[in-house]
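Asks: Dropping a structure here in structure tokens format, bear with me for questions.
The values are calculated or read from the model by the stated rules, or taken from the named source; none is laboratory data. Since the structure is predicted, the reported quantities are computational estimates derived from the model, not experimental observations. As a convention, Cβ positions derive from the backbone with ideal geometry for all residues, glycine included, and neighbour counts pool all protein chains shown. What goes into the accessible areas is simple: the full protein's heavy atoms, side chains included, and nothing from ligands, DNA or RNA. Shrake-Rupley method; radii C 1.70, N 1.55, O 1.52, S 1.80 Å.
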Amino acid sequence: MILITGGAGYIGAHVALELMNKDEDVLILDNLCNSQRSAIDRISTLAGRRPGFVQGDVRNRHLLDTLLRDYPVDAVVHCAGLKAVGESVHEPLRYYDNNVGGSLTLCQAMAQAGVFTLVFSSSATVYGDCTTMPINESCATGQPTNPYGMSKLMAENIMKSVASSDPRWSIGLLRYFNPIGAHPSGLLGEAPLNQPNNLLPYLLQVASGQREALSVFGTDYATPDGTGVRDYIHIVDLAQGHTCALEALGQRSGVNIWNLGTGRGYSVLELVSAFERVSGVPIPLAFKARRPGDVTCCWADPQKAADELAWRARHSLETMLADAWRWQCNQLQTEWVQQAN
Ligand code: NAD
Ligand code: WQD
């Protein structure tokens, strides 16, 4: 059985579904601070059976000890965490407490229970302002410019120390690039509870008339069209990276770092044009100054994951955007039906 912390969230829910599709038993631990119980029902609908679900906090040591005693957990995928970069600047202690404290408590409980296989949701943000593209795993980690990024780097460092202290540990640090898109069924996707900060969730709200215009942060970057370039990866590809990592960790010990990206960067304007093509919906733009802390370019060298995990991202940018738009339209329809009743 695989324990997924944060398994009701955007990434965790897709990981849960992929694992269940591979006949794994899944137990989800989530405090629902940024997700809803309905995600569990949607995973069940798509998988044809229910994952185990416990509403609770990963920082609750007593709860973790109980779960690891009562369920036959072989490995943990640790997705639980807070992820809003801007919010982390204003509430650093909440971010360190949740993201670093949660990881620490989880590692302690796992060690005590004798569960030593762990996959961690890390982020390309740990590379900081790396200027050599593409970024491979031996690039030095930088100095993240915000507490969120710092909390990911700190959690990685805790896991590295833990792994060097005891050879029974087998840890995969997955450095995600920019996950976007939704499950092709339109039943699982990202559902931001507050105003979104990330490009695609904001764009989707503009496309569906909930917001007036998409701000383009910076038009004077040293890129072909002046806007920032990122490596957008389909959420289903990303989730499959986790199942491959878990499989590979069966034959590996220590800490293993894998980039999960496509290896191809797109600018903000390229992404907007592709969305307009795919959806037929024009996106009003508002050109703004650069957003503080943003890097010019960021895209992965995904070769290590290809060699060691036999994994690569398969979905095109168009598919990511079409799937995201289907999810957004379904969400709106559900809201209308609920309001009408
Ligand atoms: P999300 O907010 O949709 O999911 C996180 C889930 O964790 C939520 O369901 C939330 O309720 C839960 N959670 C938070 N704190 C918890 C706690 N203390 N105990 C139990 N549950 C808790 O975010 P996501 O996009 O699915 O991200 C998952 C992980 O991946 C996070 O750790 C995030 O930092 C990391 N990550 C995300 C991205 C991205 O762009 N989405 C990129 C890189 C890394
Ligand atoms: C992408 C591009 C913006 C919004 C962040 C975190 C990173 C990871 C993923 C969790 C940039 C531009 C954005 C908008 C815009 N998260 N943009 N208008 O900044 O690459 O990464 O999310 O780990 O840690 O830092 O993603 O989607 O916010 O921005 O022009 O309204 O879109 O400037 O060039 P980012 P993003």
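Asks: Could you tell me whether region 102-116 includes any residue that is within 16 Å of ligand 2 (Cβ to nearest atom) and either charged (D, E, K, R) or not in a strand (DSSP E or B) (or both)?
Replies: yes
Asks: Can you tell me which residues in region 64-90 are assigned to a helix (DSSP H, G or I) and among the β-branched types (Val, Ile, Thr)?
Replies: Of everything in region 64-90, those that are assigned to a helix (DSSP H, G or I) and among the β-branched types (Val, Ile, Thr) turn out to be THR66, VAL85, VAL89.
Asks: While we're looking at this one, here's another question. Do we find a residue being within 16 Å of ligand 1 (Cβ to nearest atom), open to solvent by 40 Å² or more (accessible area, probe 1.4 Å), in contact with a Lys or Arg (Cβ under 9 Å, 6 or more places away or on another chain) and not in a loop (DSSP other than H, G, I, E, B) anywhere in region 142-157?
Replies: no
Asks: Turning to a different aspect of this structure: Quick one: count up the residues across region 277-307 that are surrounded by 17 or more Cβ atoms within 10 Å (Cβ to Cβ) and within 18 Å of ALA239 (Cβ to Cβ).
Replies: Matching residues across region 277-307 total 3.
Asks: Any chance you could count how many residues in region 268-313 are outside any helix (DSSP H, G or I) and within 16 Å of ligand 1 (Cβ to nearest atom)?
Replies: Of the residues in that region, 9 qualify.
Asks: Would you check if VAL58 is of a type in the set (A, V, I, L, M), surrounded by 16 or more Cβ atoms within 10 Å (Cβ to Cβ) and part of a loop (DSSP other than H, G, I, E, B)?
Replies: yes
Asks: A further question on this structure: Looking only at region 320-332, decide whether some residue is farther than 28 Å from PRO224 by Cα, in a helix (DSSP H, G or I), among the polar types (S, T, N, Q) and open to solvent by 30 Å² or more (accessible area, probe 1.4 Å).
Replies: So far as region 320-332 goes, yes, one or more of its residues are farther than 28 Å from PRO224 by Cα, in a helix (DSSP H, G or I), among the polar types (S, T, N, Q) and open to solvent by 30 Å² or more (accessible area, probe 1.4 Å).
Asks: For region 13-35, name all the residues that are more than 15 Å from LEU193 (Cβ to Cβ) and charged (D, E, K, R).
Replies: Those that are more than 15 Å from LEU193 (Cβ to Cβ) and charged (D, E, K, R): GLU18, LYS22, ASP23, GLU24, ASP25.
Asks: Also, quick follow-up: Output the qualifying pairs, or none if there are none: Cβ atoms under 7 angstrom, residues six or more apart or on different chains, first residue in region 113-124 and under 18 Å from GLY12 (Cα atoms), second residue open to solvent by 20 Å² or more (accessible area, probe 1.4 Å) and more than 8 Å from ligand 2 (Cβ to nearest atom).
Replies: THR117/ASP74; VAL119/LEU246; SER121/ILE11; SER121/CYS79; SER121/GLY81
Asks: With the condition kept exactly as written, say whether any residue in region 72-93 is surrounded by fewer than 16 Cβ atoms within 10 Å (Cβ to Cβ) and more than 25 Å from ASN198 (Cβ to Cβ).
Replies: Within region 72-93 (the criterion being surrounded by fewer than 16 Cβ atoms within 10 Å (Cβ to Cβ) and more than 25 Å from ASN198 (Cβ to Cβ)), the answer is yes, since at least one residue qualifies.
Asks: Test GLU24 against the stated conditions and say whether it is at negative phi, assigned to a loop (DSSP other than H, G, I, E, B) and away from ligand 1 (no atom under 12 Å from the Cβ).
Replies: Here the answer is yes, as GLU24 does meet what is asked.
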